[in-house]
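Chemist: Sharing a structure below in structure tokens format, with a few things to ask.
Every number here is computed from the coordinates shown, using simple stated rules; none is lab data. Being a predicted model, the structure only gives us computed values, none of them experimental. Counting neighbours? That spans all protein chains shown, and the Cβs are built from the backbone with ideal geometry, glycine included.
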Amino acid sequence: MKDASTTTQGEAPQARAEGTAERARTVRPLRVGVIGAGYWGPNVIRNMVALDACRLVTVCDTDPARLAPIERLYPTVRRENDARALLADPTLDAVVICTPVHTHFPLAQAALEADKHVLIEKPMAHSIAAASALVELAAARSRTLMVDHTFVYSGPIKAMRALIESGEIGELLYFDSVRINLGLFQKDVNVVWDLAPHDLSIMDHLLQREPRWVSAIGSAHFGKLENVAYITVRFDGSLIAHFHVNWLAPVKIRRTVIGGSKKMIVYDDLDPSDRVKIYDKGVSINVDRAERDRLLVDYRTGDMLAPRIDKTEPLSAVCAHFVDCALNGKRPLTDGRAGLRVVQLLEAAQQSIARDGARVSL
């Protein structure tokens, strides 16, 4: 039998032809338009321009003042005030949507119906019904639909995913997250829909479990939109997750703790040196046979390890992944279904808040 690693002279032309065909499929840059040049849009634009496999063609925003820096920094990029003009451009292959949440569905729907690939800022849509419709439409049109769950592409989350998959952490016990700061108050969404998508998408990616129910409480101290909220997510078995999101905190905290039966992880996104720390700490529970109702608890205290973290800008990885998936027909890591799962959790949390913390089944 011929070794698979060897190539005869007769096979070389075929291999070269296949390689040429593969390169031909990706030789033309993806022509992209960006809708929204406010807070997040300029970051997306900067990263798209830096990609060799992408050509930024048009940027759209209803505010001319936001387009002025685009003209200065990227003079060859077209500028539009009306999204309909951008979506009607037959030369565009893909659209990135960086606009308020309530506009995500109509813009993404129009883009998919125009046979364009779509990357949407988080959260994917304002409701489960809208998110589901986008997933179905993307499948029907054979277009890439991806959600910008930026943290999933960050070095710390990649490292944590590898640790969990390796079994080094052991059985997962709990996921605890705090994301608090003073402001910024949003006009169209509350603190749950603004901050929680980050941590819910991280949880969804790391735990790879289907939740059973959600319970949440929140308060609106100013106006009608909640600015403080606590969310609990329950899974099968004893695994539980908890989230604290807050616009009224005097300090900024971005911290997640994941407890395992063998080790525990602390992820502090604001730590300048060691954002991920692995603690060889835990407990062992034994039943005293002489006294069956008595539990013997042994505490294990070991070393702390801070692994090396990939420092690639997460949004750069997001943009590169989207372009690659659109050009080569790959399934995105944070595809429409991942976006839908996060929206399901958000909507369940909102329903629970309206019912004073009642459990909402998923």
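Chemist: Less than 25 Å apart at the alpha-carbon level, and either on another chain or at least 8 residues along: which lysines does that give for K187?
Modeler: K122, K224, K252
Chemist: Take the Cβ-Cβ distance between S238 and Y39 as r, set R0 to 35 Å, and report the resulting FRET efficiency rounded to the nearest 0.05.
Modeler: The pair S238/Y39 has a calculated efficiency of 0.35.
Chemist: Cross-link candidates for K116: which lysines have Cα within less than 22 Å, leaving aside residues fewer than 8 places away along the same chain?
Modeler: K330
Chemist: Two decimals is fine: what is log10 I(q)/I(0) at q = 0.13 Å⁻¹ for the chain, from a Debye sum with one equal scatterer on every Cα and no solvent?
Modeler: Calculated log10 I(q)/I(0) at the listed q: -1.10.
Chemist: If you don't mind, there's one more thing I want to ask. Under a GNM of the chain (C-alpha, springs under 10 Å), which listed residue has the highest mean-square fluctuation: A229, A317, A68?
Modeler: In the Gaussian network model the winner is A68.
Chemist: Between R212, R341, R331, which gets the highest mean-square fluctuation from a Gaussian network model of the chain, Cα cutoff 10 Å?
Modeler: Comparing R212, R341, R331 in a Gaussian network model of the chain, the most mobile one is R212.
Chemist: Let me ask something else. Let me spell out the model: positive unit charges on the Cβ of Lys and Arg, negative unit charges on the Cβ of Asp and Glu, origin at the Cα centre of the chain. What dipole size does that give, in debye rounded to 20?
Modeler: Here the size comes out at about 160 debye.
Chemist: Return the single residue from H242, H149, H221 with maximal mean-square fluctuation; model: Gaussian network over the chain, springs between Cα atoms under 10 Å.
Modeler: Ranking H242, H149, H221 by mean-square fluctuation puts H221 first.
Chemist: Once you place label points 7 Å from the Cα toward the Cβ at R212 and R255, how far apart are they in nm?
Modeler: According to this spin-label approximation, the distance is 2.9 nm.
Chemist: Among DSSP beta bridges lying fully in the chain, give the percent that are antiparallel, nearest 5.
Modeler: Percent antiparallel among DSSP bridges in the chain is about 60.
Chemist: Applying the Karplus parametrisation 6.51 cos²θ - 1.76 cosθ + 1.60 with θ = phi - 60° to the phi angles of the range 258-268, what ³J(HN,Hα) value in whole Hz is obtained for each residue in order, glycine and proline being reported as x?
Modeler: 10, x, x, 6, 9, 9, 10, 10, 10, 10, 10
Chemist: Are there chymotrypsin sites (Phe, Trp or Tyr not before Pro) in the range 203-247 that DSSP puts in a loop and that have at most 12 other Cβ atoms within 10 Å, and which ones?
Modeler: Of the chymotrypsin sites (Phe, Trp or Tyr not before Pro), the ones in loops of the range 203-247 whose Cβ has at most 12 other Cβ atoms within 10 Å are F222.
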